[in-house]
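Take a look at the structure below.
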Amino acid sequence: MSYGDDATVRKVLTSSGDTWAVVGLSNNTARAAYGVARVLQRAGKRVVPVHPKAETVLGEPGYASLAEIPFPVDVVDVFVNSELAGPVADQAVAVGAKAVWFQLGVVDEAAYERTRAAGLDMVMDRCPAIELPLL
């Protein structure tokens, strides 16, 4: 079951804004987050790495948390496991993001409901790297 209909997927990818915080992104090129971040960059998105290491990835300086990013973020793309994803969604609401995207396999129905209730668009258990070519 995926959450976020095709219209929401299209909106988040095309008109929610081009600054994407990718939570869980590090320089580990074997991780899915790295490959998806590259696809997002090629699609014209600014990718902001969010990871405890706060390392620079794909030329963009990283931050240890969403709260530490000193500029507005449009979409928060979440690559942490489902147990940690809910608090990240709550942080996305707190920093004023327009949308939250939980990657394939990341599912927290309560967080989905909270995030939608806060007025954000949300997609869950889908991958932007898969959806972008389908636009």
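The values are calculated or read from the model by the stated rules, or taken from the named source; none is laboratory data. Remember, it's a predicted structure, so these values are computed and weren't measured experimentally. We place every Cβ from the backbone using ideal geometry, glycine too, and count neighbours over all the protein chains shown. Ligands, DNA and RNA are stripped out before the accessible areas are found, and what is left, the full protein with its side chains, is counted by its heavy atoms. Shrake-Rupley method; radii C 1.70, N 1.55, O 1.52, S 1.80 Å.
So the values come out like this:
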{"item": "Residue that is surrounded by the fewest Cβ atoms within 10 Å (Cβ to Cβ) [pool: residues in segment 29-64 that are within 20 Å of ALA85 (Cα to Cα) and over 13 Å from the mean Cα position of the chain (by Cα)]", "result": "PRO52"}
{"item": "Members of segment 97-133 found to be farther than 20 Å from VAL48 by Cβ and either in contact with a Cys (Cβ under 9 Å, 6 or more places away or on another chain) or of a type in the set (Val, Ile, Thr) (or both), listed by number", "result": "LEU104, VAL107, ILE130"}
{"item": "Subset of segment 34-76 [among the basic types (Lys, Arg) and in contact (Cβ under 8 Å) with a residue 12 or more places away in the chain]", "result": "ARG38, LYS45, ARG46, LYS53"}
{"item": "GLY105 at pLDDT 95 or above and either open to solvent by less than 10 Å² (accessible area, probe 1.4 Å) or not basic (Lys, Arg) (or both)", "result": "no"}
{"item": "Those residues of segment 1-22 which are touching a Pro at 6+ places or on another chain (Cβ under 9 Å) and either β-branched (Val, Ile, Thr) or at pLDDT below 95 (or both), in sequence order", "result": "VAL9, VAL12, THR19, VAL22"}
{"item": "Segment 110-135, residues that are of a type in the set (Asp, Glu), open to solvent by 30 Å² or more (accessible area, probe 1.4 Å) and in contact (Cβ under 8 Å) with a residue 24 or more places away in the chain", "result": "ASP125"}
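Rundown of residues vs (1) within 21 Å of ARG10 (Cα to Cα); (2) modelled with pLDDT of 95 or more; (3) out of contact with any helix residue (DSSP H, G or I) (no Cβ under 9 Å at 6 or more places or on another chain), yes/no style:
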position: ALA33; (1), (2), (3): yes, yes, yes
position: THR56; (1), (2), (3): no, yes, yes
position: GLY62; (1), (2), (3): no, yes, yes
position: ALA94; (1), (2), (3): no, yes, no
position: LYS98; (1), (2), (3): yes, yes, no
